[in-house]
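The values are calculated or read from the model by the stated rules, or taken from the named source; none is laboratory data. Note that the coordinates shown come from a computational prediction; the quantities given were computed from them, not determined experimentally. Side chains included, ligands, DNA and RNA excluded: accessible areas come from the protein's heavy atoms. Shrake-Rupley method; radii C 1.70, N 1.55, O 1.52, S 1.80 Å.
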Amino acid sequence: MGDITKNFSYSEFSHSNTALKNGWDNSIPDNLKPNIVRLCTSLLQPIIDATGWTCIISSGYRSERLNKAVGGVDTSHHRTEIG
């Protein structure tokens, strides 16, 4: 499935129905991709591997425009740390 780990992909972190509906680009900037990799490889994937837990990313990265549209705060971790 994934291009980050076996269970996670960049596309699921950048997916947004709101962005799609409005034709907005919600691509993850290259400088933030290491944060997603770290989250997946250091926390999420090891939990899945150890427990079999199922994780669905419903809101990963949010562009500034998307974050405002969904009522996110300026300091949202969706903007910088992905989490």
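If you bin all the Cα-Cα distances of the chain at 5 Å, starting from zero, the percentages per bin are 3, 15, 26, 24, 16, 10, 4, 1. When the residues I56, I4, I47 are ordered by accessible surface, computed with a 1.4 Å probe over the protein chains alone, the sequence from largest down reads I56, I47, I4.
Carbon-plus-sulfur fraction of the accessible area of region 28-79, 1.4 Å probe, in percent? Carbon with sulfur: 53 percent of the solvent-accessible area. Averaging the sequence gap over all C-alpha pairs within less than 8 Å and six or more residues apart, then dividing by the number of residues, gives the chain a relative contact order of 34 percent.
Extension gain for the segment S11 to S58, taken as residue separation times 0.36 nm less the Cα-Cα distance, is 15.8 nm to one decimal. Derived scalar couplings between HN and Hα for region 64-79 equal 4, 4, 5, 4, 5, 5, 9, x, x, 7, 4, 9, 4, 5, 5, 8 Hz in order, rounded to whole Hz, by the Karplus curve 6.51 cos²θ - 1.76 cosθ + 1.60 (θ = phi - 60°), x for Gly and Pro.
Taking all protein chains into account, the per residue accessible area for the chain stands at 63 Å² (1.4 Å probe). Exposure check, 1.4 Å probe, all protein chains in place: R65 carries approximately 140 Å² of accessible surface. Residues L32, L43, L20, sorted by accessible area with the largest first, give L20, L43, L32 [1.4 Å probe; ligands and nucleic acids excluded]. Computed with every protein chain present, the accessible area of F13 is close to 0 Å² [probe 1.4 Å].
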